[in-house]
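Structure record follows, encoded as structure tokens.
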Amino acid sequence: MLAARENRMTSKDFGVWEGEVTVDLPDKPDAGVYFIGRIRTPWTERQQCPKNAQESDAVCTVELDPKWIPGLKDVASCTHLVLLYWMDRSPRNIVLQVPSHYGTQRGTFALRSPARPNPIALSVVKLVRIDDGKLSVVGLDCLDGTPLLDIKPYFASTDSVPDAVVGWHRDKDRDRMR
């Protein structure tokens, strides 16, 4: 069992915030990944980023490494894509967090926060256009220069689960009234 410890730092940067609990990370990672490009956004600081990708209508640019550009064949036929990206500036050792917009401590795996053991983020983006191997998209929530892991087509028929529920999020207004 990993020993958890509460941290009392109050930094609002990418450090550990008050109420968050961290664990010791393993000595070495289990696997490696290849960054296939970089994401260009208007946000350079954590505080500027939207809390989630649906809050933004900014047109952002996905710049692929030239060797991966052939992989874009037929991508232009997609209206929406799933982007997987690596939140490289996020802490990786936090297991309990206190989202500032909720103020209640939650487990990392119950949140969409970028602070997680493997800071892999996912956004469904609207594809605006492709020019010279660069994708213009809407629907991101990451810092400028974020490494790109993968691009996949979004299939509404299989990727959407309309009756999915996150109980604590559904009940947040009721809990605030208590």
| said: List pairs: first residue in the stretch 147-163 and within 21 Å of Trp86 (Cβ to Cβ), second residue of a type in the set (S, T, N, Q) and in a helix (DSSP H, G or I) anywhere in the structure, Cβ distance under 9 angstrom, at least six positions apart or on different chains. | reply: Pro153/Ser77
| query | modelled with pLDDT of 95 or more, outside any strand (DSSP E or B) and either over 14 Å from the mean Cα position of the chain (by Cα) or among the acidic types (Asp, Glu) (or both), is that true of Ile130? | reply | no
| query | If you check Ala121 against the conditions, is it out of contact with any helix residue (DSSP H, G or I) (no Cβ under 7 Å at 6 or more places or on another chain), part of a strand (DSSP E or B) and free of Cβ contacts under 8 Å to residues at least 40 places away in the same chain? | reply | yes
| For the stretch 133-142, how many residues are outside any strand (DSSP E or B) and in contact with a Lys or Arg (Cβ under 6 Å, 6 or more places away or on another chain)? | 1
| field | Check on Leu149, under 24 Å from Glu45 (Cα atoms) and assigned to a loop (DSSP other than H, G, I, E, B) | value | no
| query | Which residue pairs have Cβ atoms closer than 8 Å, lie 6 or more positions apart in sequence or on different chains, and pair a first residue in the stretch 60-75 that is under 14 Å from Pro147 (Cα atoms) with a second residue that is modelled with pLDDT of 95 or more and assigned to a helix (DSSP H, G or I)? | reply | Leu64/Gly71; Leu64/Leu72
| Every residue from the stretch 61-112 that is in contact with a Pro (Cβ under 7 Å, 6 or more places away or on another chain), under 27 Å from Ser160 (Cα atoms) and in a loop (DSSP other than H, G, I, E, B) | Cys78, Met87, Leu111
| task | Select from the stretch 97-112 the residues that are under 15 Å from Glu55 (Cβ atoms) and basic (Lys, Arg) and list them in ascending order. | result | Arg112
| Can you find even one residue in the stretch 168-177 that is modelled with pLDDT under 90 and either within 29 Å of Ala31 (Cα to Cα) or assigned to a loop (DSSP other than H, G, I, E, B) (or both)? | yes
| request: Can you work out which of the residues in the stretch 18-50 that are polar (S, T, N, Q) and surrounded by fewer than 16 Cβ atoms within 10 Å (Cβ to Cβ) is farthest from Val98 (Cα to Cα)? | output: Thr44
| Is it true that some residue in the stretch 141-153 is of a type in the set (Ser, Thr, Tyr) and either buried (at least 16 other Cβ atoms within 10 Å of the Cβ) or under 14 Å from the mean Cα position of the chain (by Cα) (or both)? | yes
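The values are calculated or read from the model by the stated rules, or taken from the named source; none is laboratory data. As the structure is a prediction and not an experimental result, all values here were calculated from the model. Cβ: placed from backbone, ideal geometry, glycine included. Neighbour counts: every protein chain shown.
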